[in-house]
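The values are calculated or read from the model by the stated rules, or taken from the named source; none is laboratory data. Everything quoted here is computed from the prediction, not taken from an experiment. For neighbour counting, all protein chains shown are included, and Cβ atoms are generated from backbone atoms with ideal geometry for every residue, glycine included. In case anyone asks, the SASA skips ligands and DNA or RNA and just uses the protein heavy atoms, side chains included. Shrake-Rupley method; radii C 1.70, N 1.55, O 1.52, S 1.80 Å.
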Amino acid sequence: MNIGLAHFRVGETDGVSLEMEKWRKVLERMGHKVFFISGTPNYGEIYIPEMSFHSERFKKIEYNAYRELKDYTNEEEFKKDILSEAMIIEKKLTNAVEKSNIEVIVPNNIFSLGVALPVAIAFAEVIKKLGLKAIAHNHDFYWERTVLSKPTCDFVKECLEKYYPPKDRNIKQVVINEIARKELLKRKGLDSTVIPNVFDFEQPLWKPDEFNRDLREKLGISANDIVFLQATRVTDRKAIELAIEVVGEVSKRREELYGTLYDGRKFTADDRIVMLMPGLIETATNYDSFLREIAAKEGVEVIWCNQIMGAGRQEHKDEKMYSLWDMYVVADMITYPSILEGWGNQFLEALFSKKNMIVFEYPVYLTDIKPLGFEVISLGAQYAERSGTSYVEIPREKIVKAAKEAIELLKNGKEYKRKAEKNFSIGQQHLSYRTLEEKLRKIISSFNS
């Protein structure tokens with residue numbers, strides 16, 4: 001079949017964009033033809049600029065819908081603007097669907113997150129009018145985000161009720177964790193299928209090669225420096241301050257690391273302990289400034305390196321853009337202290353990279369991931385608000401315990417490898433492309449039953 005995967009943006013390093021790439025690969029492997037539909041220019045097959053996550057119009061509508069109705073005289077004017085925008089998207093989407101003969105459409109977060117009201121309205125109308133089959137891939141719901149749970153007017157409330165998600169027998173609901181499945185049933189009376197985030201465990205392992213061989217040099221780190229990698233975007237809910245504190249505690253105990261490391265390298269008084277931060281800075285607060293303050297206080301050297309990282313490897317003349325996978329190759333340990341995730345793409349990447357990781361046990365980790373039997377360095381599952389800020393804090397003893405465990409693993413090659421291989425094997429068994437293919441086959445075949 002011809003299948004359209006739709007989202008506000010594609011080809012970026014956010015979790016939804018990454019997951020869409022995986023769905024595309026699996027659907028194509030199953031024999032389907034796939035089209036990306038998004039607001040991202042020059043990437044994918046169908047470009048609808050009004051869908052763009054990065055446009056001023058997108059941000060304006062979201063602000064007026066959930067923060068303050070300030071750019072319109074009244075609710076009616078706001079409603080007219082939203083419906084007018086929806087009509088434009090609907091026409092463009094209808095043309096694209098008919099031109100490409102799309103039979104199944106897969107809106108990603110369009111019917112769940114609550115942002116971009118015109119996009120949700122347009123997609124619902126097109127599905128209904130053209131009788132399309134649809135799989136609503138709901139990664140995040142509006143009720144999970146505090147700011148998106150407070151509509152500024154009745155029209156926004158009506159939209160949330162009607163379109164997030166729409167109740168249509170042609171739309172199959174997919175969620176990415178057990179918590180969301182229960183909540184969707186409770187709030188909206190809709191059944192859904194849980195499809196976890198997955199990873200291609202069959203691809204070649206990430207290793208040093210000709211392209212990334214110079215990456216440590218490019219980052220200004222030596223062969224024997226110990227590297228902690230925070231591979232996520234830089235945004236408040238990632239709680240990166242906890243990772244910085246752990247690395248700070250490891251640094252205070254650096255003498256315990258002297259000698260041979262887990263992979264045979266020698267760590268001496270002349271070598272450094274650094275933290276890589278290749279992710280995009282996406283925060284409405286001064287979160288990155290706060291992280292710099294914490295790093296200075298903890299004595300942690302953070303290397304902010306998003307400027308040399310792209311969605312994939314690129315090379316133009318003397319300029320190189322490395323992929324996120326290259327960053328994993330130079331890392332010794334992965335930090336993943338997020339307090340909230342719909343699933344956890346970086347967790348899967350760390351499994352595949354065969355690197356050990358430090359994890360805060362966020363709710364979905366506890367319900368969907370931990371029961372599979374992974375072995376990680378835990379930061380616990382409870383946090384508090386850091387005094388005088390809106391950021392995160394856990395007891396210092398948890399930080400110290402994690403740092404001690406990290407040092408033990410960095411010094412013990414046998415145990416480091418055992419845990420990494422065990423985690424890889426569990427991921428391969430439960431969270432691979434095979435898992436996704438089996439679940440998609442069931443959903444697609446159910447359209448005909």
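Looking across K60, K22, one residue alone is in a helix (DSSP H, G or I), open to solvent by less than 20 Å² (accessible area, probe 1.4 Å), basic (K, R) and on the phi < 0 side of the Ramachandran plot. It is K22. Which ones in region 378-403 are over 12 Å from L242 (Cβ atoms) and in contact with an Asp or Glu (Cβ under 8 Å, 6 or more places away or on another chain)? Matches in region 378-403: A381, E385, S387, S390, V400.
Applying the criterion of being surrounded by fewer than 21 Cβ atoms within 10 Å (Cβ to Cβ) and aliphatic (A, V, I, L, M) to the residues of region 121-147, the residue that is farthest from the chain's Cα centre (by Cα) is L130.
Counting just the residues of region 63-100 that are open to solvent by less than 20 Å² (accessible area, probe 1.4 Å) and in contact with a Pro (Cβ under 8 Å, 6 or more places away or on another chain), which one comes out farthest from E45 (Cα to Cα)? Per the criteria, the residue is Y66.
Residues in region 230-249 that are touching a helix residue (DSSP H, G or I) at 6+ places or on another chain (Cβ under 6 Å), farther than 11 Å from V400 by Cα and not in a loop (DSSP other than H, G, I, E, B): V234, D236, I240, E241, I244.
Count, please, the residues in region 110-155 that happen to be hydrophobic (A, V, I, L, M, F, W, C), assigned to a loop (DSSP other than H, G, I, E, B) and touching a strand residue (DSSP E or B) at 6+ places or on another chain (Cβ under 7 Å).
Result for region 110-155: 3.
Answer with yes or no whether K414 is under 30 Å from E21 (Cβ atoms) and basic (K, R). So K414 does not fit the description; no. Annotation: of all residues in region 25-57 being open to solvent by less than 10 Å² (accessible area, probe 1.4 Å) and among the aliphatic types (A, V, I, L, M), the one that is farthest from L348 (Cα to Cα) is I48.
Screening L190 with (1) over 30 Å from K59 (Cβ atoms); (2) open to solvent by 10 Å² or more (accessible area, probe 1.4 Å); (3) aliphatic (A, V, I, L, M) gives one miss only, at (1). On the basis of being open to solvent by less than 30 Å² (accessible area, probe 1.4 Å), closer than 27 Å to R237 by Cα and at pLDDT 95 or above, does I443 make the cut? In short, no. Note on region 271-385: enclosed strands (runs of 3 or more DSSP E) holding 3 or more residues that are touching a Ser or Thr at 6+ places or on another chain (Cβ under 8 Å), closer than 26 Å to N412 by Cα and open to solvent by less than 30 Å² (accessible area, probe 1.4 Å) are 356-359. Restricting the first residue to region 50-66 and requiring it to be over 17 Å from I88 (Cβ atoms) and β-branched (V, I, T), which pairs with a second residue that is open to solvent by less than 10 Å² (accessible area, probe 1.4 Å) and assigned to a helix (DSSP H, G or I) meet a Cβ separation below 9 Å and a spacing of at least six or different chains? The qualifying pairs do not exist here.
Total residues in region 392-440 satisfying the condition of being open to solvent by less than 40 Å² (accessible area, probe 1.4 Å) and not in a loop (DSSP other than H, G, I, E, B): the figure is 23.
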